[in-house]
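Colleague: Structure incoming, see below.
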Amino acid sequence: MRRLNPGGPVPYRWRLTERQRRLVYLWVAAIGAGSQLFTALALAVTGAHTPIWWPLAGSVICLAAWSLLWTRRIPWQWVDSGILAAASALVGTQLALQQGPLTADILFGCVFLLLAGFSILPLAQAALYLIGVLVAVGLALLVHGGPYALFWNVALAGVLAAHLSTFGRNISVERAEANAFEALANTDVLTGLENRRAMLVRVQTAFTQAPRPALLLVDVDRFKRINDRFGHDVGDRVLQDVATCLTQTVGPDGHVARWGGEEFLVLLEDGDGQATATSLLTRVRQDVSWNGATVTISVGGVTCAEVETVDEWLRLADARLYEAKNGGRNRAELDRPQLWEVRGYTLG
């Protein structure tokens, strides 16, 4: 006989990855667009009285969602919200233009809005959205169906809403858990900056999409001496202070991540690498110190135009950082070595 073990391991809960979710959405959007176009064609051929622009509008929404998901330029959550907004406008237009009793397709559209609202929106917003849908449908029912139709349909909607509220709470909890785990996976605990994993995604995206991207690889000079002389607690404080300086200096025009140990990576999507590197050197030298000892940094910078791959971009930044430290530290190197030299080192 099987027994429940409250102290045992938590059962595995299957979740779709970002890639899998996009793939599912692509198929759903493609099937939706195809079915809507087929419906519009059937209505046109049979000469039915139902306007064909309803399915045509639905196919346009599905095709737009498919194209946005295919380009990968926006998060799938935005596509979710866009589909909900478009569907709400479409059903709202149907309700406003309806002359007689509400048809099955309109009522189905309203049920879809209730389900989609609780699936997409946070629970509090979903509740407000539910009230808005019920008010709109209730007015249409009262005008075209009378109090009897209003009572029974709203009663059924209330039962559905009670069930969806539980569903919505579960979805909200899962989203909060997923967001918390994602934040932990992408954040450096000590400095609060993005970690290497998260920054690498940004670097790969900027390499192909940013207008004039540049990388600045930053290293705290003689950090081991700081740890040995003052202790690791002081070393941690120094890293936090340096992280603050880098973030404030770069501002909204770039991104800063802890790359590893005492190294930081700065990504400028469209900025002056030389000017930013000079500002970083000055800011850290002026603002970061401990027990009278000034903390300095070395910087190696590379523009995207100098390389052909992301791997070469990072390798060249590392080579120039080494050159900056080898040249006396507390300086930035954005010219030497050249890419062909680094390639030679790699091949050799």
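Colleague: When only C-alpha pairs under 8 Å and at least 6 residues apart count, what is the relative contact order of region 214-348, in percent? Mind dumping the intermediate values first?
Modeller: Working: 221 pairs, mean separation 38.1, N = 135.
Here the relative contact order equals 28 percent.
Colleague: Sort Val91, Val28 by accessible area with a 1.4 Å probe, largest first.
Modeller: Values: Val91 10, Val28 95 Å².
Largest to smallest exposure gives the sequence Val28, Val91.
Colleague: Let's see if you can work this out: charge +1 on each Lys and Arg Cβ, -1 on each Asp and Glu Cβ, no other charges. What is the dipole magnitude of region 207-348 about its Cα centre, in debye to the nearest 20?
Modeller: With Lys and Arg at +1 and Asp and Glu at -1, about 520 debye.
Colleague: I'd like the trypsin sites (Lys or Arg not before Pro) in region 297-348 restricted to DSSP loop residues with at most 15 other Cβ atoms within 10 Å, sorted by number.
Modeller: Answer by residue number: Arg329.
Colleague: Right, something else. Could you report the accessible area of Ile61 in Å², rounded to 10, computed with a 1.4 Å probe on the protein chains as they sit in the structure?
Modeller: 40 Å²
Colleague: By its C-alpha gyration tensor, with a ≥ b ≥ c as the square roots of the eigenvalues, how is region 238-348 shaped: rounded for a/c under 1.5, else prolate for a/b larger than b/c, else oblate?
Modeller: prolate
Colleague: Then there is this: For Cys62, what accessible area in Å² do you get when you roll a 1.4 Å probe over the heavy atoms of the protein chains, rounding to the nearest 10?
Modeller: 30 Å²
Colleague: State the answer as a single residue: which of Gly260, Gly344, Gly292 lies farthest towards the positive end of the charge dipole of region 211-345, with beta carbon charges of +1 for Lys and Arg and -1 for Asp and Glu, about the Cα centre.
Modeller: Gly292
Colleague: Pop the C-beta distance of Trp53 and Val24 into the FRET formula with R0 = 25 Å and round what comes out to the nearest 0.05.
Modeller: 0.35
The values are calculated or read from the model by the stated rules, or taken from the named source; none is laboratory data. It should be emphasised that the depicted structure is a prediction, and the values quoted were computed from it without experimental measurement. No Cβ is skipped: glycine too gets one built from the backbone with ideal geometry, and neighbour counts run over all protein chains shown. Just so you know, the surface numbers come from the protein's heavy atoms only, side chains and all, with ligands and any DNA or RNA stripped out. Shrake-Rupley method; radii C 1.70, N 1.55, O 1.52, S 1.80 Å.
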